[in-house]
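> Okay, handing you the structure first.
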Amino acid sequence: MDIQNNLVQNSEKENDCLHRPLFNVNIRLFVSNEQYRTVILNICDYMKLVMTQGYKNYPKLLGLSGANIGIPFNIISIVKDNEIVHMINPTIVKMSKQTRMVQSNCGSLCLPEKCSVIRREWIEVSFYEITGRHNQERFTIAEGGSTIQHEIDHNKGILITDTNKHL
């Protein structure tokens, strides 16, 4: 499978798709309707495949959003404890007042070098697991919080180059 040609920046003019907020997964249907659940789980499997295959200068992806691969659902995948974890409808519900400047890049934009981005020291994220169970968890920058903030931004239509409009 040629993952490189499936990422959004190779198929959308001027990354237009990346500036559109994604739709939340209907959790009621996800839990009760087998066909809908299968579609969402197949999306998660595909996201895991993209993350494990690597991409261009990103041999190891730390996170991926539905926006990155042109899927219109609010789903992100991140590496946590050396495993890929999927978060359905992730939302930041609490965040620290303290921020930190971090160096970051984005596989969807293929920036020539990392850029400075302000991130919260910690965030608390509300999300659904692929089991349908609701979860709320706190992540520091060191625990992947910066990656999660980046991927949630993607799903809201905010790019790394949009200079922290969400803070």
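> So, in the range 119-136, how many residues would count as being β-branched (Val, Ile, Thr) and in a loop (DSSP other than H, G, I, E, B)?
2
> May I pose another question? Quick one: count up the residues across the range 154-163 that are surrounded by fewer than 22 Cβ atoms within 10 Å (Cβ to Cβ) and within 25 Å of ASP45 (Cα to Cα).
4
> State yes or no: is ILE152 assigned to a strand (DSSP E or B) and modelled with pLDDT of 90 or more?
No.
> Write out, first by first residue and then by second, each pair whose Cβ atoms fall under 7 Å of each other, whose residues are 6+ apart or on separate chains, and whose first residue, in the range 145-162, is farther than 18 Å from PRO72 by Cα while the second is hydroxyl-bearing (Ser, Thr, Tyr).
That search, which allows pairs on different chains as well, returns SER146/SER104; ILE160/SER104.
> Scanning for something crowded, with 19+ Cβ neighbours inside 10 Å, under 12 Å from the mean Cα position of the chain (by Cα), under 25 Å from GLY145 (Cα atoms) and modelled with pLDDT of 75 or more, does the range 23-38 turn up at least one residue?
No, there is no match, as no residue in the range 23-38 is crowded, with 19+ Cβ neighbours inside 10 Å, under 12 Å from the mean Cα position of the chain (by Cα), under 25 Å from GLY145 (Cα atoms) and modelled with pLDDT of 75 or more.
> Take the range 72-84 and flag every residue that is touching a residue at least 40 places away in the same chain (Cβ under 8 Å) and hydrophobic (A, V, I, L, M, F, W, C).
Within the range 72-84, PHE73, ILE75, ILE76, ILE78, VAL79 meet the criteria.
> Going through the range 105-118 one residue at a time, which ones are surrounded by fewer than 18 Cβ atoms within 10 Å (Cβ to Cβ) and either out of contact with any Ser or Thr (no Cβ under 7 Å at 6 or more places or on another chain) or outside any strand (DSSP E or B) (or both)?
Hits for the range 105-118 are ASN105, LEU109, CYS110, LEU111, PRO112, GLU113, LYS114, SER116.
> Report the residue count in the range 101-136 for those that are among the charged types (D, E, K, R), in contact with a His (Cβ under 9 Å, 6 or more places away or on another chain) and under 22 Å from MET47 (Cα atoms).
Number satisfying all stated conditions: 1.
> Next question. Check off (1) of a type in the set (Phe, Trp, Tyr); (2) farther than 18 Å from MET47 by Cα; (3) touching a residue at least 24 places away in the same chain (Cβ under 8 Å) for PHE139 and give me the number that stays unchecked.
It fails just one condition, (3).
The values are calculated or read from the model by the stated rules, or taken from the named source; none is laboratory data. Since we're looking at a predicted model, the values are computed, not measured. In this analysis, Cβ positions are derived from the backbone assuming ideal geometry, glycine residues included, and neighbour counts consider all displayed protein chains.
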